[in-house]
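Data block below; observations after.
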Amino acid sequence: MKELIKRAAEDIKNARLVVALTGAGVSVESGIPPFRGKGGLWEKFDPMEIAHIDSFLANPERVWRILVAEMKGVIDKAQPNNLHKGLARLEETGNLAAIITQNVDGLHQAAGSKDVIEFHGTFAEQRCMDCEAKIPTSEVSLEVIPPRCSCGGMLRPDCVFFGEMIPSEALWRSKELAEQCDVMMVVGTSAIVEPAASMARIAKLGGATVIEMNMERTMLTGRVADYSLFGGAGKLMTGILEEMGI
Ligand code: OAD
């Protein structure tokens with residue numbers, strides 16, 4: 001592992017443009033459960049039942065209750081961990097151009113990262129389904145479920161549900177960065193959900209070195225990834241920064 005950490009540090013240091021693609025695994029050490037695997041949200045719920053836009057529209061109250069019970073309290077308490085802080089440090093020192101994140105928890109920004117593309121939107125804001133107003137989640141009263149906008153319209157999280165489009169600006173910028181980068185770090189994602197997972201493939205096709213960091217093997221391991229570092233993301237990140245001397 002020491003050798004691979006060294007290799008990753010060298011590759012990042014020598015790269016022209018580094019981009020990170022992150023998933024739920026980067027927030028596990030902050031106390032937010034992932035979607036798949038042990039303890040994952042999709043062990044308890046069928047994603048098509050709570051995370052599909054049609055389910056939400058069919059029964060917003062049920063989906064809202066689950067979102068509030070499972071997500072809001074956990075996200076509100078979560079603090080950035082060494083992975084989030086490490087990526088922020090890489091950006092600060094000019095070693096990372098941007099983060100493409102599938103997460104909606106805002107922890108990259110909380111750690112100080114400036115250029116964060118929220119591929120699946122954000123839970124930090126709620127959007128009115130009638131007037132399109134956006135309201136910080138912290139200002140939304142959850143006494144009434146589903147919560148309402150001052151115009152009377154129903155509020156929904158400003159996240160991407162299954163069955164919805166990726167925000168076009170996020171998709172185009174991500175594709176552009178994936179095409180242009182010469183190193184992509186892919187951290188804490190099972191790389192199952194599209195089109196996010198394809199960003200790693202686009203990077204690879206464009207000739208980038210794809211460095212995977214994960215607890216376990218994924219769809220990318222041994223195929224798209226040039227090499228994989230297995231372990232907790234925070235610890236791996238700390239090792240890379242130490243090796244880079246930053
Ligand atoms: P997943 O839950 O599918 O995958 C999490 C990954 O993180 C797994 O590969 C784990 O092995 C890994 N992991 C867990 N703990 C880790 C740790 N401490 N350090 C490093 N890796 C760790 O999450 P995503 O790939 O992000 O979409 O899921 C993609 C999308 O599916 C989500 O954005 C969400 C979900 O349904 C929508 O809601 C549209």
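The values are calculated or read from the model by the stated rules, or taken from the named source; none is laboratory data. Since we're looking at a predicted model, the values are computed, not measured. Heads up, the Cβs are rebuilt from the backbone with ideal geometry, glycines too, and the neighbour counts pull from every protein chain shown. Side chains included, ligands, DNA and RNA excluded: accessible areas come from the protein's heavy atoms. Shrake-Rupley method; radii C 1.70, N 1.55, O 1.52, S 1.80 Å.
The table for this structure:
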quantity: Taking all pairs of distinct alpha-carbon atoms in segment 146-242, Kirkwood radius in angstrom; calculated: 15.3
quantity: Degrees between helix 233-244 axis and first principal axis of the chain (Cα, 0 to 90, nearest 10); calculated: 40
quantity: Virtual spin-label span in nm between residue 57 and residue 16, 7 Å along Cα→Cβ; calculated: 4.5
quantity: Sites excluded, trypsin sites (Lys or Arg not before Pro) in DSSP loops with at most 15 other C-beta within 10 Å, longest stretch of the chain; calculated: 115-216
quantity: Mean shadow area of segment 1-145 over all directions, Cα convex hull, nm²; calculated: 10.4
quantity: Förster radius 45 Å - calculated FRET efficiency between residue 175 and residue 144 (Cβ-Cβ, nearest 0.05); calculated: 0.70
quantity: Rounded accessible area per residue of segment 139-189, 1.4 Å, Å²; calculated: 49
quantity: Isotropically averaged projected area of the chain, using the convex hull of Cα atoms (one quarter of hull area), nm²; calculated: 12.5
quantity: Accessible area of segment 114-246 belonging to carbon and sulfur atoms, whole % at 1.4 Å probe; calculated: 52
quantity: Between 0 and 90°, nearest 10: helix 2-14 axis offset from the chain longest Cα axis; calculated: 80
quantity: The chain: angle of helix 82-92 to the longest principal axis, Cα-based, in degrees nearest 10; calculated: 70
quantity: With eigenvalues of the C-alpha gyration tensor scaled by 5 and rooted, segment 60-116, Å; calculated: 29, 11, 6
quantity: Listed residue pairs exceeding 24 Å between alpha carbons, taken from 44/134; 85/134; 38/235; calculated: 44/134; 85/134
quantity: Average accessible surface area per residue within segment 18-114, 1.4 Å rolling probe, Å²; calculated: 44
